[in-house]
1. Does residue 490 satisfy being modelled with pLDDT under 95, of a type in the set (D, E, K, R), under 27 Å from residue 374 (Cβ atoms) and open to solvent by 50 Å² or more (accessible area, probe 1.4 Å)?
2. Would you check if there is a residue in the stretch 277-295 being more than 27 Å from residue 139 (Cα to Cα) and open to solvent by 60 Å² or more (accessible area, probe 1.4 Å)?
3. Hey, can you tell me all the residues within the stretch 69-106 that are modelled with pLDDT of 75 or more and not in a loop (DSSP other than H, G, I, E, B)?
4. State all residues of the stretch 238-273 that are open to solvent by 60 Å² or more (accessible area, probe 1.4 Å) and part of a helix (DSSP H, G or I); if no residue qualifies, say none.
5. Looking at (1) over 19 Å from residue 509 (Cβ atoms); (2) in contact (Cβ under 8 Å) with a residue 12 or more places away in the chain, find the lone condition where residue 452 falls short.
6. Take the residues of the stretch 369-398 that are β-branched (Val, Ile, Thr) and more than 10 Å from residue 337 (Cα to Cα): which is modelled with the highest pLDDT?
7. Residues in the stretch 454-472: is at least one assigned to a loop (DSSP other than H, G, I, E, B) and surrounded by 22 or more Cβ atoms within 10 Å (Cβ to Cβ)?
Amino acid sequence: MELCSSSSSLLRVSPEKLSFSSSISISQFQLKPSTFSKPRLRIHASLASETQGLPRDSPQRLLKELAQRKQSTTTPSKKKLPPKRFILRPPLDDKKLAERFLNSPQLSLKSFPLLSSCLPPSNLNSSDRTWIDEYLLEAKQALGYSLEPSSTLSDENPAKHVDTLLYLAFQHPSCDRARARHVKNGHSRLWFLGQYVIELAVTEFFLQRYPREPPGPMRERVFALIGKRFLPRWIKAANLQNLVFPYDDIDKLLRKDREPVVKSVFWALFGAIYLCYGMREVYRVLFEVFGMDPDADDCQPRARRQLEDVDYVSVEFEGKKLGWQDIATYKPPEDALFAHPRLFRACVPPGMHRFRGNIWDFDSKPKVMQALGYPLQMNDRIQEITEARNIELGLGLQLCFLHPSKHKFEHPRFCFERLEYVGQKIQDIAMAERLLMKHLDAPGKWLQEKHRRLLMNKFCGRYLREKRLHNFIIYSEEVHDRYEHNRRLRNPATTAVQQAIHGLAYTVYGKPDVRRLMFEVFDFEQIQPKAV
């Protein structure tokens with residue numbers, strides 16, 4: 001109370017009557033112009049003189065010191081500093097930038113450009129090597145690979161980099177090492193590619209295993225095998241759960257904590273396997289290591305009314321159901337007509353020969369083949385092989401333009417549905433590979449959004465209509481006018497036809513022809529100059 005009364009009486013005294021002791025100079029009173037309304041007086045010397053006679057433990061002395069400290073302390077600054085990612089850094093000079101790119105592992109492989117684009121942008125550090133030394137042997141043993149370091153292999157073998165890619169595949173975004181940029185980007189680029197690899201592999205498997213089944217039930221089978229809800233089961237079956245969740249029990253985690261992490265690791269794992277060993281190894285890991293069973297009860301589609309299929313299937317599908325070993329070990333004969341002959345037979349029924357020589361074959365097929373740049377030049381031993389391929393190509397093109405409203409109710413496979421199904425998957429993986437090799441420093445999430453925007457269904461149909469190819473679609477007489485004048489019906493049909501063309505190109509000429517159609521004929525990236 002004495003301190004409060006003395007301070008209030010001090011404020012009521014006029015400035016002329018103020019007197020200072022000899023130990024205090026006027027320079028000790030500091031006024032800041034910016035805070036003139038609240039002058040702060042530093043009176044440490046007066047505080048020392050006032051409390052000099054009081055005992056050290058006196059309450060009055062402590063109260064006076066506390067009051068003076070509260071008065072003299074400044075309020076902390078409320079100005080927030082910007083996050084570090086928004087602080088501009090000086091750019092690298094040309095020499096350092098050139099060294100950074102030339103020393104990057106992504107530019108180390110000239111013979112495997114796709115594999116090179118998925119390597120980490122910088123070399124692995126000691127923390128990465130520690131994880132590889134501790135856990136990689138367990139992962140390779142579970143997957144059935146040699147325990148020897150892959151660095152001992154020759155440079156011409158893509159499996160030389162399997163150790164690095166397997167390490168990246170297990171570094172999901174929730175783990176500690178994923179904070180490093182080269183690990184985070186490397187993992188995300190692998191899962192971006194791996195998701196389309198798995199879908200294409202399972203699609204080809206079911207198309208050849210069930211040659212009469214429409215795509216609807218087939219999609220249910222695919223989801224029951226590789227849907228994100230079922231992926232933790234396969235990870236646990238392969239004894240990989242301890243590498244994905246080293247500190248948690250996979251069965252006790254919530255779905256929202258378990259499924260995204262498992263999905264990321266699962267996709268990245270197959271991206272690494274595809275890059276190092278190819279599609280055959282993808283089948284082995286899916287069905288042998290993870291133990292996927294397409295005949296299991298929970299993998300069967302729901303019961304539905306099926307249209308009666310009275311048409312023949314190819315001889316290689318008659319009376320037997322192909323297994324994953326048949327598809328993984330299949331090698332086309334040397335004089336095969338197509339790049340993927342058995343997949344072509346599974347999508348184009350033999351009964352299509354009844355349409356050979358009809359009006360569409362004479363009137364529309366030459367215009368369609370001219371717009372698509374068909375037939376391609378092939379080096380065949382005998383001329384009969386070339387002629388037979390061109391005949392089958394023409395029948396496949398007619399099937400691509402055959403709308404389900406024409407013959408599906410009498411002949412369920414005389415439409416573009418199965419070719420459209422495989423075409424969706426092959427254009428997905430072709431675009432993913434293109435983006436990975438084009439954007440070396442982009443993370444997987446950015447590539448995923450770019451991929452989605454480039455392959456929207458409305459764009460696929462628009463590119464077909466720009467070539468005026470939608471005029472050759474074969475509708476039934478009852479719905480022809482409706483599809484011609486209603487864009488809500490016409491646009492999905494043109495999208496399906498465009499994807500079916502990609503599926504046919506993949507089965508006949510292989511993936512290079514799909515790239516030619518996507519990026520040269522239809523110009524999916526919209527980078528070619530437009531005609532004025």
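The values are calculated or read from the model by the stated rules, or taken from the named source; none is laboratory data. Quick caveat: nothing in here was measured; it's all calculated off a predicted structure. Cβ atoms come from the backbone with ideal geometry, glycine included; neighbour counts cover every protein chain shown. For the accessible areas, the whole protein counts, side chains as well, though only heavy atoms, and no ligand, DNA or RNA atoms are used. Shrake-Rupley method; radii C 1.70, N 1.55, O 1.52, S 1.80 Å.
1. Spelling it out, residue 490 is indeed modelled with pLDDT under 95, of a type in the set (D, E, K, R), under 27 Å from residue 374 (Cβ atoms) and open to solvent by 50 Å² or more (accessible area, probe 1.4 Å).
2. Here is the first cut: in the stretch 277-295, the ones more than 27 Å from residue 139 (Cα to Cα) are 295.
When the remaining residues are screened for being open to solvent by 60 Å² or more (accessible area, probe 1.4 Å), the result is 295.
Yes, the stretch 277-295 contains a residue that is more than 27 Å from residue 139 (Cα to Cα) and open to solvent by 60 Å² or more (accessible area, probe 1.4 Å).
3. Residues satisfying the conditions are 69, 94, 95, 96, 98, 99, 105, 106.
4. Within the stretch 238-273, 242, 255, 256, 257, 260 meet the criteria.
5. Condition not satisfied by residue 452: (2).
6. Filtering the stretch 369-398 down to residues β-branched (Val, Ile, Thr) leaves 382, 385-386, 391.
With more than 10 Å from residue 337 (Cα to Cα) added as a condition, the list becomes 382, 391.
Values: 382: 91, 391: 95.
Among those that are β-branched (Val, Ile, Thr) and more than 10 Å from residue 337 (Cα to Cα), it is 391.
7. Taking the stretch 454-472 first, the residues assigned to a loop (DSSP other than H, G, I, E, B) are 455-456, 467-469.
Now restrict to residues that are surrounded by 22 or more Cβ atoms within 10 Å (Cβ to Cβ): 469.
Yes, the stretch 454-472 contains at least one residue that is assigned to a loop (DSSP other than H, G, I, E, B) and surrounded by 22 or more Cβ atoms within 10 Å (Cβ to Cβ).
One line per residue, one yes/no per condition, for (1) open to solvent by 10 Å² or more (accessible area, probe 1.4 Å); (2) farther than 27 Å from residue 205 by Cβ:
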position: 383; (1), (2): yes, yes
position: 392; (1), (2): yes, no
position: 396; (1), (2): no, no
position: 399; (1), (2): no, no
position: 402; (1), (2): no, no
position: 406; (1), (2): yes, yes
position: 409; (1), (2): yes, yes
position: 421; (1), (2): no, no
